[in-house]
Amino acid sequence: MSAVRKAVVPAAGLGTRFLPATKATPKEMLPVVDKPAIQYVVEEAVSAGIDDVLFITGRNKRALEDHFDRNLELETVLRSKGDEERLALASESADLARIHYVRQGDPLGLGHAVLMAENHVGPEPFAVLLGDDLIDPRDPILERMVQVRDEHGGSVICLMEVPRAAISLYGCAAVSATTQADVLDVTDLVEKPDAADAPSTFAIIGRYVLDPAVFGILRETRPGRGGEIQLTDALRVLATTPPSAGGGVRGVVFRGRRYDTGDRLSYLQAVIRLAVERDDLGPELRTWLREFVPTLTP
Ligand code: G1P
């Protein structure tokens, strides 16, 4: 049994990159093919053995709470029609995990959002999954991160190599090799560095397994980049904290498919890449794409 049983999912962002769609609908509820982006994230946590999910929400997130609840009216209609297939689709999200909510209040940054989870999480290691990062379900990584935490203690982050020009969009880790090919020791971290100053091209992807020692550090963390309390800054302190005090940060290298569903282009790519593989939609979509693509002008 893993020690990591709980996940924290920050979901208080305004989603301004997707206006006007996100004016009254939380960005987490935008469908990727036919499932809200956030449901993929919860399913990913559940696949890694997690059964308790805490959402950090804000105003305007009612639809998210409704999605992970039962819709008895809809279920009654589908049951009376004998539509078992859609009945399963309508109820599956409510049965995935024990779901809890806490509101962030002031949006003071990702570190602040994670700190809101302290009471719920208590003295246990826990996962953090950022809703904008969609990890292709065919390339799971969280389970491996949990395994690394169970083996070594400390905290574990997910690292992906990106072109140097793109590193300023991410938290960046200075690393050294370990005896395991997919695991790196994290020696330092910096949030969204300029390309020229970045200590590596390893970007933090929005998956973390954190030691509860992070809470004490977050309480002391002053606003950093963008005037926000940054999780990366707290991890930086953890990287040089002794293991006896819950310190130590390792990075697991991710080489699979990942989409930023908060970015419109990457969102469209996610929809297409997941849809072409589906048994129900894939064959017709692939046929159409083959006809459509040659008609495109550069
Ligand atoms: C956050 C983190 C950043 C990380 C990124 C991954 O930034 O602060 O370190 O690289 O998520 O998606 P955001 O994209 O929320 O600004």
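Looking at this structure, is T221 within 16 Å of the ligand (Cβ to nearest atom), of a type in the set (V, I, T) and either farther than 27 Å from G122 by Cα or out of contact with any Pro (no Cβ under 9 Å at 6 or more places or on another chain) (or both)? Answer is yes for this residue. Taking (1) within 15 Å of the chain's Cα centre (by Cα); (2) at pLDDT below 95 in turn, A90 satisfies each apart from (1). Being closer than 19 Å to P36 by Cβ and part of a helix (DSSP H, G or I) is the filter here, so list the residues in the stretch 267-298 that pass it. Answer for the stretch 267-298, where residues must be closer than 19 Å to P36 by Cβ and part of a helix (DSSP H, G or I): Y267, L268, Q269, A270, V271, I272, R273, L274, A275.
Does the stretch 85-102 contain at least one residue that is part of a loop (DSSP other than H, G, I, E, B) and closer than 26 Å to Y208 by Cβ?
Yes: the stretch 85-102 contains one or more residues that are part of a loop (DSSP other than H, G, I, E, B) and closer than 26 Å to Y208 by Cβ.
Would you say L142 is under 20 Å from D51 (Cβ atoms), in contact with a strand residue (DSSP E or B) (Cβ under 7 Å, 6 or more places away or on another chain) and within 16 Å of the ligand (Cβ to nearest atom)? Full working, then the answer.
Values: under 20 Å from D51 (Cβ atoms): yes; in contact with a strand residue (DSSP E or B) (Cβ under 7 Å, 6 or more places away or on another chain): yes; within 16 Å of the ligand (Cβ to nearest atom): yes.
Judged against the criteria, L142 is a match.
Look at the stretch 2-28: where a residue is within 15 Å of K61 (Cα to Cα) and a partner is open to solvent by 30 Å² or more (accessible area, probe 1.4 Å) and more than 16 Å from the ligand (Cβ to nearest atom), sitting 6+ places away or on another chain with Cβ atoms under 7 Å, you get T25/A63; P26/N60; P26/A63. Filtering the stretch 122-158 to residues that are small (G, A, S), open to solvent by 10 Å² or more (accessible area, probe 1.4 Å) and within 13 Å of A45 (Cβ to Cβ) leaves only G131. What about D66, is it under 30 Å from R222 (Cβ atoms), free of Cβ contacts under 8 Å to residues at least 24 places away in the same chain and open to solvent by 90 Å² or more (accessible area, probe 1.4 Å)? Answer is no for this residue. In summary, L268 fulfils each of the numbered conditions (1) open to solvent by 30 Å² or more (accessible area, probe 1.4 Å); (2) within 15 Å of the ligand (Cβ to nearest atom); (3) over 15 Å from V186 (Cα atoms) with the single exception of condition (2).
Residues that are among the small types (G, A, S) and either near the ligand (Cβ under 10 Å from one of its atoms) or in contact with a strand residue (DSSP E or B) (Cβ under 8 Å, 6 or more places away or on another chain) (or both) within the stretch 162-180 comprise A166, G171, A173, A174, S176, A177, listed in sequence order. So, of the residues in the stretch 31-63 that are more than 20 Å from F18 (Cβ to Cβ) and of a type in the set (G, A, S), which turns out to be surrounded by the fewest Cβ atoms within 10 Å (Cβ to Cβ)? Among residues in the stretch 31-63 that are more than 20 Å from F18 (Cβ to Cβ) and of a type in the set (G, A, S), the one surrounded by the fewest Cβ atoms within 10 Å (Cβ to Cβ) is S47.
Pairing each residue of the stretch 182-197 that is within 15 Å of the ligand (Cβ to nearest atom) and in a loop (DSSP other than H, G, I, E, B) with any residue that is open to solvent by less than 30 Å² (accessible area, probe 1.4 Å) and of a type in the set (V, I, T), provided the two are 6+ apart or on different chains, yields C-beta distances under 8 Å for P193/I167. Pairs, please: C-beta under 7 Å, at least 6 apart or cross-chain, first residue of a type in the set (D, E) and in the stretch 213-235, second in a loop (DSSP other than H, G, I, E, B)? Cβ pairs passing all conditions: E228/L108; E228/G109; D233/T221; D233/G224.
Each residue in the stretch 199-257 was checked for being buried (at least 18 other Cβ atoms within 10 Å of the Cβ) and part of a helix (DSSP H, G or I), and 14 pass.
The values are calculated or read from the model by the stated rules, or taken from the named source; none is laboratory data. Quantities reported herein were computed from a predicted structural model and do not represent experimental measurements. With ideal geometry, Cβ positions are generated from the backbone for all residues, glycine too; neighbour counts draw on all protein chains shown. For accessibility, only protein heavy atoms count, side chains too; no ligands or nucleic acids. Shrake-Rupley method; radii C 1.70, N 1.55, O 1.52, S 1.80 Å.
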